[in-house]
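This report concerns only the one structure given below.
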Amino acid sequence: MREILSDYLSAQTGAFTVRDIVLRFVVALILGVVIYISYRFSFSGAVYSARFNVSLVMLTLTGTLVMSVIGNNVALSLGMVGALSIVRFRTAIKDARDTAYVFWCIAVGICCGVSEFLVAGVGTAILFFFLLLFGAVRRNDQFLLIVRGDQDAEQPIEAKVGLYFDNKAQIKVLHTAEGSVEYIFALSEAMLAAAKKKNASSIVDVLRSTDGIHSVQLVSQNDEINR
């Protein structure tokens, strides 16, 4: 029984010809380039990373390489799982769509590695057109307006912020100390756009011109600072 199990685990699914290997990698490269183009044209963030986009093509080819070696070999698949289980990936992915692209590349690599070219091609075509249609949808960033000043400026701050944003700005934090006050207002991107159309000056300039205010900051949740 032990010998039978050992023979089963070490059994190979069959030798690959050079033509088969080249075909798998060529198809994976073509589909990887399609993913590259899709990410390039659907990206709507602040900073486009060409290195990350190139790594998507590399991930597709790597998935094809791994699946070509593993195939249906149980012993190799168990060894690969054990090897990957000790690897920790610490790269932070900020955009949820980047994670979707990573899984897309992995799926294409797996399909090409087992010669399921039709599934990989049809799936890539569907995802490509879907992301071209909806990939440019921009996120509605939330902004924090942070105002620090003297305690006597409490009423002018609330009055000017309320007037500027039509009383739609929400006070998230109000911190008062001896002789000082700090406000944190929650704003949406739509509120900022509407206020800019209505007012000639920005909220930062309006508050800075007020007596008793020490600092004004407008910070978005994606760690970008607008002045």
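FYI, it's all coordinate maths here, none of it is from the lab. Nothing here was measured: the structure is a model prediction, and the numbers come from that model. FYI the Cβ positions are ideal-geometry reconstructions off the backbone, even for glycines, and counts take in every protein chain you see.
So for the pair residue 205, residue 69, with labels modelled 7 Å out along Cα→Cβ, what separation do we get in nm? Distance between label points: 6.1 nm.
For the pair residue 193 and residue 54, label points projected 7 Å from Cα toward Cβ lie 3.5 nm apart.
For the range 116-199, the calculated P(r) over all alpha carbon pairs, in 5 Å bins from 0 to the bin holding the longest distance, is 3, 12, 17, 14, 10, 8, 6, 6, 6, 6, 5, 4, 2, 1, 0 percent. Going 7 Å from the Cα of residue 152 toward and past its Cβ, which residues in the range 177-191 have a backbone nitrogen under 16 Å from where you end up? Those under the cut-off are 178-181.
Suppose R0 equals 45 Å; then what is the FRET efficiency for residue 176 and residue 122 from their Cβ-Cβ distance, rounded to the nearest 0.05?
Working: r = 62 Å, r/R0 = 1.37.
Calculated transfer efficiency: 0.15.
Bridging of residue 160 to lysines at a Cα separation below 30 Å is possible for 168, 172, 196, 197, 198, once same-chain residues fewer than 8 apart are set aside.
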